[in-house]
1. Six or more apart or on different chains, Cβ under 9 Å: which pairs go from a residue in the range A:183-203 that's in a loop (DSSP other than H, G, I, E, B) to one that's of a type in the set (Phe, Trp, Tyr)? Could you list them?
2. Give me the pairs: first residue in the range A:42-65 and of a type in the set (S, T, N, Q), second residue part of a strand (DSSP E or B), beta-carbon distance under 7 Å, and six or more apart or on different chains, which are they?
3. Do we find a residue being within 14 Å of another protein chain (Cβ to nearest Cβ), touching a Pro at 6+ places or on another chain (Cβ under 9 Å), of a type in the set (Phe, Trp, Tyr) and at negative phi anywhere in the range B:144-151?
4. Among what's in the range B:200-227 and is assigned to a loop (DSSP other than H, G, I, E, B) and surrounded by 18 or more Cβ atoms within 10 Å (Cβ to Cβ), pick the residue that is farthest from the other protein chains (Cβ to nearest Cβ).
5. Test of understanding: among B:GLY164, B:GLY160, which residue is in contact with an Asp or Glu (Cβ under 9 Å, 6 or more places away or on another chain), modelled with pLDDT of 95 or more and over 30 Å from A:ILE117 (Cβ atoms)?
6. So, in the range B:76-93, of the ones that are open to solvent by less than 10 Å² (accessible area, probe 1.4 Å) and within 24 Å of B:LEU43 (Cβ to Cβ), which residue ends up farthest from the other protein chains (Cβ to nearest Cβ)?
7. Would you mind stating whether A:LEU159 is crowded, with 16+ Cβ neighbours inside 10 Å, within 14 Å of chain B (Cβ to nearest Cβ) and outside any helix (DSSP H, G or I)?
8. Note down all Cβ pairs under 6 Å where the first residue falls in the range A:74-96 and is at the interface with another protein chain (Cβ under 7 Å from one of its Cβ atoms), the second is among the aliphatic types (A, V, I, L, M) and open to solvent by less than 30 Å² (accessible area, probe 1.4 Å), and they're at least six residues apart or on different chains.
Amino acid sequence: MLDKNGIAKRIAKEVKDGYYVNLGIGIPTLVANYVRDDIEVEFQSENGVLGMGPFPFEGEEDADVINAGKQTITTLPGASFFDSAMSFSMIRGKHVDLTILGAMEVAQNGDIANWKIPGRMVKGMGGAMDLVASAENIIVAMMHTNKHGDSKLLKQCTLPLTGVGCVKRIVTNLAVLEIVNNGFKLIERAPGVSVEKIKKATEGLLIIDGDIPEMDI
Amino acid sequence: MINKKVAHVQDALKGVTNNMTFMLGGFGLSGIPENAIAELVKLGVNGLTCISNNAGVDDFGLGLLLQKKQIKKMISSYVGENDEFERQMLSGELDVELIPQGTLAERCRAAQAGFPAIFTPAGYGTEVAEGKETREFDGKMYVLEHAFKADYAFVKAWKGDAAGNLIFKGTARNFNPNMCGAAKITVAEVEELVPVGELDPNQIHIPGIFVQRIFQGEVYEKRIEQRTVRQRS
């Protein structure tokens with residue numbers, strides 16, 4: 001089974017040379033730490049920066065340079081700043097190659113819910129609805145089950161949707177899955193995790209085709 | 001040169017009354033019009049509708065107006081990080097319209113640019129699109145979103161001049177340029193008001209035509225919400 005860093009490490013393998021990538025808050029943010037250093041990738045943050053670098057050294061934090069999680073960051077050579085309308089032009093205009101974000105629930109048809117629990121938690125969607133409505137290549141990074149042990153990979157989302165039929169790939173602590181033919185196609189197992197265990201943790205339709213390899217991370 | 005300069009925040013906020021609709025720039029606490037917000041608290045105007053990506057934190061930014069219950073309605077995309085906000089919203093004291101971040105930006109920009117509405121794919125098939133017109137273009141569904149109508153836009157820039165020209169810094173730019181000229185009156189506050197002619201026309205982010213009043217803020221706290229650092233190796 002993977003921890004959060006393990007999930008990030010596996011997703012980092014999906015990041016290809018020349019990609020512009022938008023990373024959501026949480027596990028997705030960790031992906032930047034594991035991208036191969038022999039490829040060129042630029043990270044976009046929807047609050048208005050392209051070419052994000054690592055966190056600043058202590059004493060060098062700048063209130064005017066933050067990421068979408070409101071964390072202080074630095075920029076790399078070649079970086080640029082821009083306004084919110086232009087930022088979402090990059091996103092809706094499909095100029096960003098890969099979007100990695102977290103989710104509370106994903107349905108077998110690719111629906112995603114990650115912004116609201118009615119009556120309990122309402123933080124808002126931020127840029128998530130724009131991202132999922134437009135991106136061609138969306139990877140969801142999340143734990144396979146919630147803290148009560150319930151599956152987050154469902155036949156149908158129970159929470160208010162963020163977007164419909166948009167998720168392509170999911171990487172969890174247990175598996176890599178792809179949305180195909182209205183089901184979760186099992187692509188890889190996390191190290192030491194059996195198909196049986198993944199089956200038990202998946203409420204939606206799990207498609208198992210032949211032998212399922214273990215992740216190579 | 002048409003002079004937009006006013007001496008104080010008090011002059012800049014002249015005409016502000018109860019029940020108005022305001023746009024306020026900023027993402028999180030970065031690039032928020034700190035001086036205008038402080039003055040709105042002092043003025044005690046209430047029944048306000050505020051269009052702003054976030055709602056500040058409990059004791060800073062728009063959180064200060066929320067504490068005093070001056071805000072009737074918030075139009076935002078993300079409102080975490082603010083317990084008082086969540087309390088007022090869940091208890092029904094505060095009316096909240098949550099909309100996608102890109103939609104918020106574009107509804108500002110539409111107002112600025114003279115478009116009555118835009119079509120966006122964001123939110124299609126979700127509760128955000130409920131009751132709204134939708135239309136198919138090239139096989140994909142879009143939602144009609146209207147331009148905002150606001151009385152004042154309060155924006156914050158790094159440098160400006162009396163002509164109203166503005167230059168922003170870093171990610172403090174965010175929604176500020178999109179809100180300039182998107183309300184009846186745009187009030188810009190800057191960290192540094194420089195003599196006219198000093199700003200390079202090539203480097204201006206927002207031309208003065210979009211700004212009605214400009215002043216230099218007295219003080220900027222520029223609070224950091226999430227101070228994250230790495231270790232020196």
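The values are calculated or read from the model by the stated rules, or taken from the named source; none is laboratory data. Since we're looking at a predicted model, the values are computed, not measured. With ideal geometry, Cβ positions are generated from the backbone for all residues, glycine too; neighbour counts draw on all protein chains shown. Remember, those area values only see protein heavy atoms, side chains included, never the ligands or the DNA or RNA. Shrake-Rupley method; radii C 1.70, N 1.55, O 1.52, S 1.80 Å.
1. Filtered contacts from the range A:183-203: A:THR202/A:PHE184.
2. Between residues of the range A:42-65 that are of a type in the set (S, T, N, Q) and residues that are part of a strand (DSSP E or B), the close pairs are A:GLN44/A:TYR20; A:GLN44/A:VAL21; A:GLN44/A:ASN22; A:GLN44/A:LEU50; A:SER45/A:MET52; A:ASN47/A:ILE66; A:ASN47/B:PHE27.
3. There is no residue in the range B:144-151 that is within 14 Å of another protein chain (Cβ to nearest Cβ), touching a Pro at 6+ places or on another chain (Cβ under 9 Å), of a type in the set (Phe, Trp, Tyr) and at negative phi.
4. B:GLN212
5. One residue alone meets the criteria, B:GLY160.
6. Checking each candidate, the answer is B:GLN88.
7. yes
8. A:PHE81/A:VAL49; A:SER84/B:ALA105; A:ALA85/B:ALA105; A:PHE88/B:ALA105; A:ILE91/A:LEU131
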